[in-house]
1. If you average the alpha carbon positions of the range 306-377 and of the range 184-198, how far apart do those two centres end up, in angstrom?
2. So what is the relative contact order of the chain, in percent, for Cα pairs below 8 Å that sit 6 or more residues apart?
3. Between the range 100-160 and the range 26-57, what is the separation of their alpha carbon centroids in Å?
4. From the helices alone, meaning DSSP H stretches of at least four residues, give me the mean residue ellipticity at 222 nm for the chain, per-run term -39500 (n - 2.57), in deg cm²/dmol to the nearest 500.
5. Distance in nm between label sites at THR332 and VAL207, each 7 Å beyond Cα in the beta-carbon direction?
6. Multiply the residue separation of SER370 and ASP63 by 0.36 nm, subtract the distance between their alpha-carbon atoms, and state the gained length in nm to one decimal.
7. Can you give the local net charge around ARG133? Use residues other than it whose beta-carbon is closer than 15 angstrom to its beta-carbon, Lys and Arg +1, Asp and Glu -1.
8. Wrap a convex hull around the Cα atoms of the range 257-316, take a quarter of its surface area, and give that in square nanometres.
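The values are calculated or read from the model by the stated rules, or taken from the named source; none is laboratory data. Bear in mind that the values here come from a model prediction, so they are computed numbers and not experimental data. So basically every Cβ, Gly included, is an ideal-geometry build from the backbone, and we count neighbours across all protein chains shown. Areas reflect the complete protein model, heavy atoms only, side chains present, ligands, DNA and RNA absent. Shrake-Rupley method; radii C 1.70, N 1.55, O 1.52, S 1.80 Å.
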Amino acid sequence: MARRLDPHDPLPFDERDVVVVGGGQAALAVGYHLARELRNTEATVALFDDRPGPGGAWGGTWDSLRLFSPAEWSSLPGYLFPRHLAGRDAEAAEAPHRDDVLDYLAAYEARYELPVWRPVRVTGVRDDGERLRVETDRGGVLARAVIAATGTAAAPHVPDVPGRGAFGGVQVHSSAYRSPAPFVGKRVLVVGGGNSGAQILAEVSAVAEASWVVERPPRFLPPDVDGRVLFDAATARYHAIQNGEDPGRPYGLGDVVQVPPVREAREAGRLDDLRPPFARLTASGVVWPDGTAEAVEAVIWCTGFRPALGFLDGLGVVGADGRVAVEGTRSTAEPRLWLVGYGQWTGFASATLVGVGRSARATAREVARSLAPVPTP
Ligand code: FAD
């Protein structure tokens with residue numbers, strides 16, 4: 001069962017064989033597989049999550065968010081995403097709501113009694129000889145293996161556009177966007193041509209004068225095609241690459257799925273006002289590449305995320321690109337460290353609900369093997 005700590009409680013232990021940093025879907029999938037891999041051992045495991053409740057980053061997304069992956073493509077290992085959603089709302093199984101995922105993840109960690117401790121923030125990890133020392137805001141813990149599963153939501157990315165600091169209007173990253181209410185009647189630019197940009201623009205454009213700033217025209221999946229096609233295509237692509245074949249590019253995970261609100265906005269022509277990236281921001285607006293200035297009251301950055309790995313700085317394993325060099329999911333420089341769920345570089349489709357299971361299982365197996373006593377000759 002998840003363990004809630006009161007504000008000043010220290011952790012009731014100072015060592016664990018395995019520490020998983022994070023409590024979102026990636027950490028839960030790892031926890032599930034660790035429980036299986038270690039079931040006949042006395043190895044101890046703890047998951048540390050800095051959020052007050054279950055759900056990871058899903059708890060911080062905008063109110064109306066709809067998944068691009070249908071329910072049957074949104075399951076973690078061992079427990080299917082509930083099909084009963086279809087009974088609640090005809091559209092929900094095709095494009096589940098953010099709250100459905102929150103309920104699912106809460107049920108998942110309770111079902112498997114995963115040892116998630118929260119809120120516990122990991123502030124650093126350092127080499128302590130035979131073990132790694134995990135520093136938290138509730139005290140330090142020695143660990144034989146550490147699995148980072150902190151996602152990317154804590155590290156929103158905004159491009160370094162000139163004049164950003166001078167802009168007097170509202171700037172918000174998609175990770176902090178909640179609803180269109182603050183933008184009613186305003187001149188708004190939504191930057192970024194992926195699913196976040198499309199969904200946020202769909203609702204902001206209903207109440208504001210909004211344009212879509214994109215590097216290239218967004219690629220929409222056909223309206224009758226849902227997110228499962230993305231996963232099928234991505235899987236085919238993965239196998240093609242594995243087999244040394246030309247993967248082609250039928251669809252990609254960045255293509256825009258026409259969940260119902262996006263489809264409606266598109267049909268109403270509200271996603272048509274495409275603009276190229278602006279050259280700079282000014283105090284009152286933007287300057288477009290052709291030199292024309294335009295007054296703008298708000299910019300919503302739907303420009304993605306970087307791995308939230310600041311707590312690993314002390315190990316010296318995080319590169320200039322914000323990533324850690326890995327073989328599979330294991331750090332090549334620090335063999336007691338694994339990373340799960342950050343995107344393709346830590347496993348195929350590992351930043352999705354259905355995709356993370358594969359890397360989680362492989363990681364748990366490796367970790368279990370690394371803990372096993374070396375056989376005596
Ligand atoms: P998170 O959910 O971010 O969990 C990490 C947890 O670790 C968080 O609770 C965080 O607070 C905590 N943490 C971070 N740092 C520390 C620290 N130092 N100490 C302790 N705890 C820490 N995927 C799909 O499969 N289908 C979809 O339709 C879909 N739609 C998406 C729509 C949007 C807008 C976004 C942003 C993502 C979407 N995804 C979707 C992708 C993916 O499922 C999420 O990004 C997912 O939340 C990543 O899970 P995670 O466990 O890796 O990270």
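1. After rounding, the separation between the Cα centres reads 34 Å.
2. 22 percent
3. Their Cα centres are 9 Å away from one another.
4. Using -39500 (n - 2.57) per qualifying helix, the result is -6500 deg cm²/dmol.
5. The modelled label-to-label distance comes out at 4.9 nm.
6. Details: separation 307, 0.36 × 307 = 110.52 nm, distance 4.19 nm.
The span from SER370 to ASP63 would gain 106.3 nm if fully extended.
7. On the way: positive: ARG16, ARG126, ARG131, ARG138, ARG144, ARG336; negative: ASP14, GLU15, ASP17, ASP127, ASP128, GLU130, GLU135, ASP137, ASP313, GLU334.
Summing Lys and Arg as +1 and Asp and Glu as -1 gives -4.
8. Values: hull surface 31.1 nm².
With every direction weighted equally, the projected area is 7.8 nm².
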